[in-house]
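Colleague: Structure in structure tokens, see below.
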Amino acid sequence: MPSDKEIKLEFRQKASQEPGKYYATSVLKEEGFMRKKCGSCNRYYWTVLSDSAVCGDPACSGGFRFIDHSPAKKKLGYIEVWNEFASHFKKLGYTPIKRYPVAARWREEDFVQASIYDFQPYVVSGEVEPPANPLVVPQFCLRFNDIDNVGITGAHYTGFVMIGQHAFMPPEKWKQSDYFRDIHSWLRDGLGLPNEEITYHEDAWAGGGNFGACMEYFSRGLELGNQVYITYEVTSDGYRELKLKVLDMGMGQERNAWFTGAAPTSYETTFPTVVRKLQEITSVSVEPQLLQKFLPCSSYLNIDEVENIDKAWQTVAEKIGITAAELKKKILPLAALYSVAEHSRSLLVALSDGVLPSNVAGGYNLRVILRRALSFIDSYGWQIDMAKLFELHAAYLKPQFPEIGDNLSEVAEILDVEKRKFAETKKRSAQLVQHLLGKGGEIGEEKLIQLYDSNGISPDIIREEARKLGKAVSVPDNFYAMVSQRHENEKPSAATTATKRDFKLDLSDVPATEVLYYSDYAVVEFSAAILKIIDDKYVVLDQTYFYPTSGGQEHDVGEMAGCEVADVFKQGNVIVHVLKDNNRGLKAGQKVDCQINWERRQQLAQHHTATHILNGVCRKLLGNHVWQAGAAKFVDKARIDITHYEQLSEQQLQQIEEEANKIITADMPVHKSFVPRTEAEQKYGFSIYQGGVVPGKLLRIVDVEGLDVEACGGTHLNHTAEVGRVKILRSSKIQDGIVRLEYVAGKAESSAAAAKENIVAEAAKLLNCEPSQVPGRVEELFEKWKAAVKKGKQVDPQLTSTASYSGDVLAKVVEVLRTQPENVAKTIKRFLDELKTAINGNIKD
């Protein structure tokens, strides 16, 4: 199978030979455009200018030529661009829709990187209907491959709004010429551009086995957007026309505002209130004459496209007429200011959408840009409060994205935690860097990245410490892009009970199993027909109420015609029942009576519904940043991993438990229904995707009324009161940004409560005191043990504390002894024995 690059090159060449077949040439000719070949890059392009010799690319046409004198007749502010675009396209029959969250939880990606991500994979495959067709959307996107270019070129971003123009049509309804005419009308009427100022480039696109023609559009050196026509797919037999053709037009909202505003950089027009505030705080000013000379050449400093960045700076400086050192002295503080403005906006949107900075996966990239911004602030000594910048961004974006301002207090709290972590990192950094550079040591490129990756030490800190020692450390200009690339394919850890099976059964001759357990978890007896038996123990039924291990929930067990069912798993869309012993002559075609172990089924359902209740309660009490990162439901206990920026306190755990039990006592209904994917997303939002990607065009929605709505395929109770009671056993931080709660519910909670009482009673007996006095006695014992055993001091062997504890006695004892509940008695005995040995006597209680 050829690569995407090979497909693109081959198709571009093919399309260039038959442009009328693949591009809207009839519309172009109607508008007076003629086809030419660029004398610089040899690309085919379209223009109305008969004397044109080069295409519209800035490298061919002399850089950006619109600054201070845009050819657009309409000057549009940032928010106005979307408002005008939406209004224009609504008149053309398109439906404007709201943006999707930047966290792409409906697919296997950390972040949305283009507007088409909103509709992949299910809409573009034709499996699911789009929310509208055709449509336009202002999609906020996050990309981290250009971090080091942000602020320098005047046009690069980590977070940007891609305005999408999309259609999903079968071949008989595909109207490529109309789609092109529509985008041309935006350039002509929406921006007020005469045809003389527009250049179209013929190109091709390929990705994920699909490909098609692409038309880019430029004006005065700036690419304003491009229209991709995804019309073909690659097969083993060659190329084939897609059954559903897709229009994928992406246009930068930032670029259109910049272009019409003709500002020195796109940052002034994208977040004008923040830039003005930062200039006021820092006294960093724009030198219009310098920028007028610099910005047309700034594209030459694109880290991704330059082999020798120092040489590139020298080249740009010579064009301007000053030294490279002078140029950097004037440009770099301004670039830092722009970076703080840009990074703070990206962070605001990501944090508002529920993504946390961390040291893994997409959260790592958020921490990178946050610490890059904080490093700029520190290195220049600026007095900048990033929380205030968040407020300014939210206020400016409110007409377009009002939801971004809903969680400002929560976002500020997360920022404070991250700033504290960064400050602690810097304190540790100085000593480590001094040690590495001492005695002739050096810090090379790989070590720089390792120090940042493992210790969070930014290159600015390393350079400063090196300067103090009279040494120099060279930092790659694309440093932040390099460290981000190392974390592109990481995924956060997630709890699961899924069993990895190293075998596949041959099930090609059996249809999908009819799943019955969705309807009523309480049905435990049913009849079914055997479709296939493999190796005398793997049984496939035509229908089943047996739940297979999936979604973090353990499988059911029970009996089938007197045979013990010990395991149940799903392979594809077929459910397989595993018999423990001899199948007693069961045969394909036979009708069998089945019974499910009710106690196990009920307990697993109690734990699963309790998981949803706890997830909803955590989000309610801790904030909208809480998402389920994983879960596991066993018979004896369960656990849920949630995204949260710090360990939970005892008080928070108590609040969560109390609130969860209030929901249980209120006996709220638990609704279960199948809803088309698009309808579910529109009705409930994207918080339905908890704990991972849910496949299929129909989603089973589990709605704990008034608290939590999730797409889930597990067995659930009908009312919250059926949970009985939930008890949180312990909490732990399993990785950066993820906290685990372990808990019990139902009968398991009753058993755990009894076990807890037994542990406390045994401890009280050992310490000769009342149960409420155990924590005080344990603290006294622990202090005397440390004094006698660790420090060799003489201590009074008597344990006399009578302090009464009103809280969770066992939790307090576990905290003091730093052990697990089941080891409390053993630990107390050990401390008593060692204390006796240390003082050579006996304790008389």
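The values are calculated or read from the model by the stated rules, or taken from the named source; none is laboratory data. This is a predicted model, so every value here is computed, not measured. In this analysis, Cβ positions are derived from the backbone assuming ideal geometry, glycine residues included, and neighbour counts consider all displayed protein chains. Remember, those area values only see protein heavy atoms, side chains included, never the ligands or the DNA or RNA. Shrake-Rupley method; radii C 1.70, N 1.55, O 1.52, S 1.80 Å.
Colleague: If I fit a long axis through the Cα atoms of helix 176-185 and take the longest principal axis of the Cα atoms of the chain, what angle between them do I get, 0 to 90°, rounded to 10?
Modeller: Orientation of helix 176-185: about 70 degrees from the principal axis.
Colleague: Let me ask something additional. Dipole of the chain, Cα-centred, from +1 at each Lys and Arg C-beta and -1 at each Asp and Glu C-beta, to the nearest 20 debye? Mind dumping the intermediate values first?
Modeller: Numbers: 102 positive and 113 negative charges, 296 e Å.
It comes to approximately 1420 debye.
Colleague: Show me the ranking of peptides 819-827, 254-262 by mean Cβ neighbours inside 10 Å, starting with the highest.
Modeller: On the way: 819-827: 15.7, 254-262: 24.2.
Averaged packing, sorted descending, gives the order 254-262, 819-827.
Colleague: Tell me, how many Å apart are the Cα centres for region 623-668 and for region 45-116?
Modeller: Using only Cα atoms, the two centres lie 44 Å from each other.
Colleague: Which of rounded, prolate or oblate describes the chain when judged by the alpha-carbon gyration tensor and an a/c cut-off of 1.5?
Modeller: oblate
Colleague: May I ask you to rank 41, 141 by accessible area, largest first, using a 1.4 Å probe over the protein chains only?
Modeller: 41, 141
Colleague: Report the full-extension gain for the segment residue 650 to residue 188: residue separation times 0.36 nm, less the Cα-Cα distance, to one decimal in nm.
Modeller: Details: separation 462, 0.36 × 462 = 166.32 nm, distance 6.25 nm.
Gain on stretching residue 650 to residue 188: 160.1 nm.
Colleague: Report for the chain the percent antiparallel among DSSP-assigned beta bridges with both residues inside it, nearest 5.
Modeller: 95 percent
Colleague: Okay, moving on. Holding the Cα-Cα limit at 20 Å, pick out from 637/733; 277/427; 672/727; 75/319; 727/747 the pairs that are longer than that.
Modeller: On the way: 637/733 18 Å; 277/427 30 Å; 672/727 25 Å; 75/319 30 Å; 727/747 11 Å.
The answer is 277/427; 672/727; 75/319.
Colleague: Which aspartates and glutamates does residue 73 reach when only Cα atoms under 19 Å apart count, and residues fewer than 8 places away in its own chain are ignored?
Modeller: 31, 84, 182, 189, 196, 197, 223, 254
Colleague: Continuing with the same structure: Grab the other residues whose beta carbon is less than 12 angstrom from that of residue 171, score K and R as +1, D and E as -1, and report the net. Don't skip to the end; give the middle numbers.
Modeller: On the way: positive: 173, 175, 240, 243, 245; negative: 172, 241.
The answer is +3.
Colleague: Can I ask one more? Can you tally the net charge around residue 393? Count Lys and Arg as +1, Asp and Glu as -1, for every other residue whose Cβ sits under 12 Å from the Cβ of residue 393.
Modeller: Neighbour charge sum, excluding residue 393 itself: +2.
Colleague: Same structure, new question: Explain nothing, just the number: dipole magnitude of region 242-315 about its Cα centre with +1 on each Lys and Arg Cβ and -1 on each Asp and Glu Cβ, in debye rounded to the nearest 20. Spell out each step's value before the answer.
Modeller: Details: 7 positive and 9 negative charges, 66 e Å.
With only Lys, Arg, Asp and Glu charged at Cβ, the dipole is about 320 debye.
Colleague: Among the listed pairs 786/826; 21/91; 98/388, which have their C-alpha atoms separated by more than 22 angstrom in this model?
Modeller: Details: 786/826 17 Å; 21/91 28 Å; 98/388 26 Å.
Pairs exceeding 22 Å: 21/91; 98/388.
Colleague: So how tilted is helix 272-282 from the main axis of the chain? Cα-based, degrees 0 to 90, rounded to 10.
Modeller: The two axes meet at around 80 degrees.
Colleague: Right, here's the next one. So, by mean Cβ neighbours within 10 angstrom, what's the order for 170-179, 332-341 with the highest one leading?
Modeller: Descending packing order for the listed peptides: 332-341, 170-179.
Colleague: Pull out a ≥ b ≥ c, the square roots of the eigenvalues of the alpha-carbon gyration tensor of region 1-160, then state rounded if a/c is under 1.5, prolate if not and a/b is larger than b/c, and oblate in the remaining case. Let's see the in-between values first.
Modeller: Values: a/c = 1.42, a/b = 1.28, b/c = 1.11.
Cα axes put region 1-160 in the rounded bin.
Colleague: Please work out whether region 301-430 counts as rounded, prolate or oblate from its C-alpha gyration tensor, where a ≥ b ≥ c are the square roots of the eigenvalues and a/c under 1.5 means rounded, while otherwise a/b larger than b/c means prolate and anything else oblate?
Modeller: prolate
Colleague: Using per-residue counts of other Cβ atoms within 10 Å, averaged over each peptide, order 604-611, 1-8 from highest down.
Modeller: The densest-packed peptide leads the list: 604-611, 1-8.
Colleague: For the chain, find the longest principal axis of its Cα atoms and tell me its angle to the long axis of helix 288-298, 0 to 90°, nearest 10.
Modeller: Here the helix axis deviates by roughly 80 degrees.
Colleague: Over region 702-831, calculate the relative contact order: mean separation of alpha carbon pairs under 8 Å at least 6 apart, over the residue count, as a percent.
Modeller: 19 percent
Colleague: Follow-up question, since we're still on this one. Return the distance in nm (one decimal) between the two label points of a simple spin-label model at residue 395 and residue 820, each offset 7 Å from Cα along Cα→Cβ.
Modeller: 5.4 nm
Colleague: Can you list the aspartates and glutamates whose alpha carbon sits under 14 Å from that of residue 330, skipping same-chain ones fewer than 8 residues off?
Modeller: Result set, ordered by chain and number: 287.
Colleague: Quick check for you: with a 1.4 Å probe and neighbouring chains kept, what is the accessible area per residue of region 35-117, in Å²?
Modeller: Ligands and nucleic acids excluded, the result is 48 Å² per residue.
Colleague: Output the relative contact order of the chain, whole-number percent, from Cα pairs under 8 angstrom with separation of 6+ residues.
Modeller: Over the chain, the number comes to 9 percent.
Colleague: Whole angstrom only: what separates the Cα centroid of region 1-40 from the Cα centroid of region 748-785?
Modeller: Their Cα centres are 79 Å away from one another.
Colleague: Can you give me the C-alpha center-to-center distance between region 228-270 and region 155-214, rounded to a whole angstrom?
Modeller: Distance between centres, Cα-based: 6 Å.
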